[in-house]
Amino acid sequence: MSEIRLALIGAGAFGRKHLDVMSKKPGFGLAGIADPFDAGRALAERLGVPWNAEPEALLEAVRPDGAIVATPNALHVPHGLACLRHGVPALVEKPIAETPEGSLELAAAESTGVPLLVGHHRRHNPILEAARAALAEGRIGRPVAIHLNWLIRKPDSYFEVPWRGQPGGGPVIINLVHELDALRFVVGEIVAVQAMTAKAVRGLAVEDTAAITLRFESGALGTVIVSDTVEAPWSWEMTSGENSAYPLQAAHNGLIAGTAGSLSLPDLELWRHVERAGAERGWNTALQRERIPFVPDDAYQRQLHHFGRVVRRKEAPRVTARDATRSLAVCLAIHGAARTGREVMLGTDAGTAP
Ligand SMILES: NC(=O)c1ccc[n+]([C@@H]2O[C@H](COP(=O)([O-])OP(=O)(O)OC[C@H]3O[C@@H](n4cnc5c(N)ncnc54)[C@H](O)[C@@H]3O)[C@@H](O)[C@H]2O)c1
């Protein structure tokens, strides 16, 4: 079968990560780069592919099989729509948009029949697939209490790119959207949030720290703490080995406690009381630990493989715009809850369950 030619729209830090993933995956080729800045043009020249400052002009000129949109968050909607208008299937980076209106515009465009996949790459990580399967099989009974950490230090230079420190950026929208999407994928829909945020350490327009309470549709409750300004190992990035850019630490980032057992993430340790005939299970009962098996694999490679099949119309997008809208809605609800000091309920129209 012929090579799948993908255009890259936005050749910044993460666009280049996509290029690296593509370069290691046979069957994919780079059709061209759209990025208005010199660095994008220079990269296209170095790689010997067409370049254009304007995404639409590039799409018209090179007519790719698909496109990866890795521009700043505020541009995901116009660039995603441009792809769909040109009949080009798109992998649009997360968060799907900055506003629910924008993401619903993309969701509406899905009905044109040109597929759109949102880059919640963790849905392709075998660790989370195994966790989701374990819960679905009832291995921890009924999930009751969940806790997640996203505690890390971004280097100060990260904020030299202005949009990352302005409204629409910040760790809740840029980073926590991954954790919340992963929780939706593994535990189920989130229906209400409460939150406090703080920005005292970095002093930017966006939060650097947040403490969040979640209510799941199942009735389970969860807490999440997030900070991008602390030296700590307790984040998915530092503990999962998903991205080699982050040094791997022997720690975990999440706990899912249920009526018949508990699971830690990302190490997939399953804790359950030792069964003894006739003995009541309770706090005097010893716990045993086992590890849920999974076959490690690269989530980014798997996402690209899936996108190739989406482009060829062999699979439906695993994360649609409508689905990703819900993960965005949870992030925005966190901001709303922090602003008002009130619990924010998520309506049923805020996207669909995974
Ligand atoms: N999936 C993940 O794990 C992950 C990780 C990091 C970033 N991201 C997402 O990737 C996106 C990009 O993040 P980043 O950190 O690479 O940002 P970045 O600022 O480094 O890169 C954005 C690029 O878009 C280019 N750009 C700006 N306006 C453009 C336009 N009109 N047309 C084409 N290109 C344009 C910029 O020149 C820049 O090269 C964000 O949405 C971010 O949330 C995802």
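For the reader, a short list of remarks on this structure follows.
- ³J(HN,Hα) computed for each position of the range 319-328 - Karplus, 6.51 cos²θ - 1.76 cosθ + 1.60, integer Hz, glycine/proline x: 10, 7, 4, 5, 5, 5, 4, 5, 5, 5
- Space enclosed by the convex hull of the alpha-carbon atoms of the range 251-306, per residue, Å³: 122
- Tilt relative to the chain, helix 299-311 - C-alpha long axis, 0 to 90 degrees, to 10: 50
- For a label point 7 Å along the Cα-to-beta-carbon line of ARG313, residues of the range 88-109 with backbone N under 14 Å: 88-89
- Put a dot 7 Å past the Cα of TRP283, heading toward its Cβ, do the same for ASP156, and the two dots end up 4.7 nm apart.
- Separation of alpha-carbon centers, the range 225-250 and the range 19-96, rounded to whole Å: 29
- Exposure proxy shown here: for LYS314, LYS94, LYS24, LYS17, the number of other Cβ atoms within 10 Å sets the order, fewest to most, as LYS314, LYS24, LYS17, LYS94.
- Relative contact order (%) - criterion: Cα under 8 Å, at least six apart; region: the chain: 18
- For the pair ALA53 and ILE292, label points projected 7 Å from Cα toward Cβ lie 5.0 nm apart.
- You can think of it this way: the chain between ALA211 and ALA245 has 9.6 nm of extra reach, that is 0.36 nm per residue less the Cα-Cα gap.
- Rounded if a/c under 1.5, otherwise prolate or oblate - the range 240-354, Cα gyration tensor axes: oblate
- Neighbour net charge for VAL191 - beta-carbon separation under 9 angstrom, K R +1, D E -1: -1
- Close amide H partners of GLY119, meaning residues 5 or more places away or on another chain with modelled amide H under 5 Å apart, are VAL92, GLU93, LYS94.
- Neighbourhood net charge (15 Å Cβ-Cβ; Lys/Arg +1, Asp/Glu -1) for LYS154: -3
- Available extension along the chain between ALA133 and ARG339 is 70.6 nm, counting 0.36 nm per residue and deducting the alpha carbon span.
- Taking every alpha-carbon pair under 8 Å whose residues sit at least 6 apart, the range 184-257 reaches a relative contact order of 21 percent.
- Neighbourhood net charge (14 Å Cβ-Cβ; Lys/Arg +1, Asp/Glu -1) for GLY165: -1
- Hz values of 3J(HN,Hα) by residue in the range 175-182 - Karplus curve (6.51, -1.76, 1.60), Gly and Pro given as x: 9, 5, 4, 5, 5, 5, 5, 5
- Amide H partners (placed H, <5 Å) of VAL230, local residues excluded: ILE152, ARG153, LYS154
- Using the Cβ-Cβ distance between SER2 and LYS199 with R0 set to 56 Å, the FRET efficiency from 1/(1 + (r/R0)^6) comes to roughly 0.65.
- Scaled radius of gyration (Cα, divided by 2.2 N^0.38 Å) that the chain gives: 1.02
- Note on the range 72-182: Cα-Cα pairs beyond 23 Å make up 44% of the total pair count.
- In the range 275-354, the chymotrypsin sites (Phe, Trp or Tyr not before Pro) that fall in loop regions by DSSP, at most 15 other Cβ within 10 Å: TRP283
- The angle separating the long axis of helix 76-85 from the principal Cα axis of greatest extent in the chain is about 60 degrees.
- Long-range amide H partners of THR223 with built H, under 5 Å: ILE146, HIS147, LEU148, LEU214
- Mean Cβ count within 10 Å, highest first, over the residues of peptides 259-266, 244-251, 134-141: 259-266, 134-141, 244-251
- Applied to the range 102-119, the Karplus parametrisation 6.51 cos²θ - 1.76 cosθ + 1.60 on θ = phi - 60° returns per-residue 3J(HN,Hα) values of x, 6, 5, 5, 5, 4, 5, 5, 4, 6, 5, x, 8, x, 10, 10, 9, x Hz, with x for Gly and Pro.
- Shape metrics for the range 126-294, restricted to C-alpha atoms - Rg then Dmax, Å: 17.5, 63
- Ordering ALA57, LEU221, THR209 by the projection of their Cα atoms onto the charge dipole of the chain, which places +1 on the Cβ of Lys and Arg and -1 on the Cβ of Asp and Glu, puts LEU221 at the extreme positive end.
Since every read-out is calculated from the coordinates, none of them should be taken as a lab result. All values reported here derive from a predicted model rather than from experimental measurement. Note: ideal-geometry Cβ built from the backbone for every residue, glycine included; neighbour counts use all protein chains shown.
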